[in-house]
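Notes follow the structure.
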């Protein structure tokens, strides 16, 4: 399965480089840009209908790029899920749950003790009668 993933990733990289080249050769709609720097290279090589052909080729390459990328993601997902079994996942989740509960319970008990100690040590001002507070 890793061979398939390697082939798919290689094809995606090659197609990405091809797409970059195709997009850079095409002239921009505003007339400037990198495509005009080649002096109409696409038109002179491919003829008068070059831009429509280059645009169609770009659309096809983008479509193939998306399909290959999706296939690569699916293969990577299957490779990851094939490494572990369902039984191992369930047992590891159960172990993690029991281990996670113990420190949480201990932390809650420590926090409760800290709050109680702070409440006992807090200085509560004595109330003075109203006759003593007035001058």
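We did not get these values from a lab; they are worked out from the coordinates using the rules stated. These numbers come from a predicted model, not from an experiment. Don't worry about glycine lacking a Cβ; one is built from the backbone with ideal geometry, like all the others, and counts go over all protein chains shown.
Label residue 4 and residue 70 with points 7 Å out from Cα along Cα→Cβ: what is the distance between them in nm?
If labels sit at residue 4 and residue 70, their model points lie 1.6 nm apart.
I need 11, 68, 24 ordered by Cβ neighbour count within 10 Å, fewest first. Don't skip to the answer; put the middle values down first.
Numbers: 11 16, 68 20, 24 12.
Ranked by crowding around the Cβ, least crowded first: 24, 11, 68.
For residue 24 and residue 11, calculate 0.36 nm times their separation in residues minus their Cα-Cα distance, and state this gained length in nm to one decimal. Present the calculation step by step, with values, prior to reporting the outcome.
Working: separation 13, 0.36 × 13 = 4.68 nm, distance 2.00 nm.
Gain on stretching residue 24 to residue 11: 2.7 nm.
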